[in-house]
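Enquirer: Got a structure for you, written out below as structure tokens; questions coming shortly.
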Amino acid sequence: MKIALMDSGIGLLAATAAVRRVRPDADLVLSLDPQGMPWGPRTPEDVTGRALDVAEAAAAHRPDALIIGCNTATVHALTALRDRLEPGIPVIGTVPAIKPAAAGGTPFAIWATPATTGSPYQRGLIKDFADGVPVTEIPCWGLAEAVEHGDEPAIDAAVAAAAELTPDDVTTVVLGCTHYELVAERIRAAVQRPDRPPLVLHGSADAVAAQALRRIGEQPAPEALPDGTVTVLLNGREGALPAAASVYTEGRLLRAVTAAH
């Protein structure tokens, strides 16, 4: 089994690690766009064009499924990618986990990039899945970029600024950008109030990994031998994960696998 994942940068690491946990025997193809990252500030048309290029580079390796490990690319390019690749290669998008966060009926916040915060896309998800539940949209200025570069002081500053905007009564935070899942525990520590129940964080990585297996008719097998390979494509050419990946547990795991093969 071979599963490809794509993003402009290392935001795909969370979903990649999730796939690795449930199917350590799967070969992985990670397709990145270092020449064009970040995608967040780009126009929808530009994001779609770059996403198609990155996806086709991955498709050349004949994966069984392709995961879009990026919320921005899912918003703008999911339809185009499915039109181009399906039914030959199932394409799985990444959507913020607003539905499970709203299920509890208690106040929650959505941490997302400034471009996504307040967007018709995100507002539509709130209307569809959280109507009547108190929701606060939090623009996380500079957080994705800081995570991408492994800039520890910038990560701490961006997390602290977003935490300041998060209401005290929030019980749950939706991580609306794949990069944020790499610093989930820092976010938890910054938002958790001493007198409140443990904060619940909702990412998308595990759900995306599970959906990829469902789309190709496979079952989780976490006990399988961890012999799956990892191939990294940088604008279509084989290379190595960016150095900043080593800042995160998920990146260190995959760099070790890549070196072993």
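The values are calculated or read from the model by the stated rules, or taken from the named source; none is laboratory data. All figures in this text were calculated on a predicted structure; none of them were measured in a lab. Virtual Cβ from ideal backbone geometry, glycine too; neighbours counted across all protein chains shown. Only protein heavy atoms, including side chains, enter the accessible area calculation; ligands, DNA and RNA are left aside. Shrake-Rupley method; radii C 1.70, N 1.55, O 1.52, S 1.80 Å.
Enquirer: Below 8 Å between Cα atoms, with a sequence gap of 6+, how large is the relative contact order for the chain in percent?
Expert: That works out to 28 percent.
Enquirer: OK, next. Per residue of the stretch 30-45, in order, report the coupling 6.51 cos²θ - 1.76 cosθ + 1.60 (Karplus, θ = phi - 60°) as ³J(HN,Hα) in whole Hz, putting x for Gly and Pro.
Expert: 10, 10, 10, 10, x, 6, x, 6, x, 7, x, x, 7, 5, x, 5
Enquirer: So, one more: Here are labelled values, (1) 1.23; (2) 1.09; (3) 0.96, and one is the computed Cα Rg over 2.2 N^0.38 Å for what I pasted. Which one?
Expert: (3)
Enquirer: Modelling each spin label as a point 7 Å along the Cα-to-Cβ direction, I'd like the residue 184/residue 237 distance in nm, to one decimal.
Expert: 3.5 nm
Enquirer: Could you tell me how far the Cα centroid of the stretch 161-190 sits from the Cα centroid of the stretch 44-66, in Å?
Expert: 30 Å
Enquirer: Okay, next question. How far is helix 120-129 tilted, in degrees, relative to the longest principal axis of the Cα atoms in the chain, given as a value from 0 to 90 rounded to the nearest 10?
Expert: 70 degrees
Enquirer: Next question. Where a ≥ b ≥ c are the square roots of the eigenvalues of the C-alpha gyration tensor, would you call the stretch 74-132 rounded, which needs a/c under 1.5, or, failing that, prolate if a/b is larger than b/c, or oblate?
Expert: Taking the square roots of the gyration eigenvalues as a ≥ b ≥ c, the stretch 74-132 is prolate.
Enquirer: If each of residue 21 and residue 252 carries a label point 7 Å out from its Cα toward its Cβ, how far apart are those two points in nm?
Expert: About 1.7 nm separates the two model spin labels.
Enquirer: Could you give the size of the charge dipole of the stretch 23-135 about its Cα centre, using +1 on the Cβ of each K and R and -1 on the Cβ of each D and E, expressed in debye and rounded to the nearest 20?
Expert: The calculated dipole for the stretch 23-135 is roughly 300 debye.
Enquirer: Kindly work out what percent of the DSSP beta bridges joining two residues of the chain are antiparallel, to the nearest 5.
Expert: Expressed as a percentage, antiparallel bridges in the chain total about 10.
Enquirer: Kindly write out, for the stretch 3-13 in residue order, the coupling ³J(HN,Hα) from the Karplus curve 6.51 cos²θ - 1.76 cosθ + 1.60 (θ = phi - 60°), rounded to whole Hz, with x marking Gly and Pro.
Expert: 10, 9, 9, 9, 5, 6, x, 8, x, 6, 4
Enquirer: Which residues does a label at residue 83 reach in the stretch 37-65, if reach means a backbone N under 15 Å from a point 7 Å past the Cα toward the Cβ?
Expert: Label zone hits: 44-53.
Enquirer: Determine the distance separating the Cα centre of the stretch 102-160 from the Cα centre of the stretch 1-43; give it in Å without decimals.
Expert: 21 Å
Enquirer: Largest first, how would 3, 126 line up by accessible area (1.4 Å probe)?
Expert: 126, 3
Enquirer: Shifting gears a bit: Amide H to amide H under 5 Å from residue 202: which residues, 5+ apart in sequence or cross-chain, H placed 1.01 Å off N in plane?
Expert: Amide H to amide H, under 5 Å and 5 or more residues apart or across chains, residue 202 pairs with 173, 174, 175.
Enquirer: Work out from phi, with θ = phi - 60° and the Karplus expression 6.51 cos²θ - 1.76 cosθ + 1.60, the ³J(HN,Hα) of each residue of the stretch 215-220, listed in order in whole Hz, and give x for Gly and Pro.
Expert: Rounded to whole hertz, the list is 5, 9, x, 10, 10, x.
Enquirer: What accessible area per residue comes out for the stretch 35-150, rounded to a whole number of Å², with a 1.4 Å probe?
Expert: 44 Å²
Enquirer: Compute a Gaussian network model of the chain, connecting alpha carbons closer than 10 Å, and tell me which residue from 51, 221, 130 fluctuates the most.
Expert: 221
Enquirer: Further question: Taking only DSSP H segments of four or more residues, each worth -39500 (n - 2.57), what value at 222 nm results for the chain once the sum is divided by all its residues, to the nearest 500 deg cm²/dmol?
Expert: Dividing the helical sum by the residues of the chain leaves -12500 deg cm²/dmol.
Enquirer: While we're looking at this one, here's another question. Just to verify a number: what accessible area does residue 136 come out at with the full protein assembly present, 1.4 Å probe, Å² rounded to tens?
Expert: The value for residue 136 is about 40 Å².
Enquirer: For a quick check of understanding: with a 1.4 angstrom probe and all protein chains in place, what accessible area in square angstrom does residue 127 have, to the nearest ten?
Expert: 150 Å²
Enquirer: Between residue 161 and residue 62, 0.36 nm times their residue separation minus their Cα-Cα distance comes to what?
Expert: Here the answer is 31.4 nm.
Enquirer: Now for a different question. Would you grab the residues whose amide H sits under 5 Å from the one on residue 30? Only those 5+ places off in sequence or on another chain, please, with H modelled 1.01 Å from N.
Expert: Amide H to amide H, under 5 Å and 5 or more residues apart or across chains, residue 30 pairs with 5, 231, 232, 233.
Enquirer: I want to verify a result. In a Gaussian network model of the chain, Cα cutoff 10 Å, which of these has the top mean-square fluctuation: 78, 241, 225?
Expert: Of 78, 241, 225, the most mobile in the Gaussian network model is 225.
Enquirer: In a GNM of the chain with a 10 Å cut-off on Cα contacts, which of 197, 63, 222 has the highest mean-square fluctuation?
Expert: Judging by the Gaussian network model, the answer is 197.
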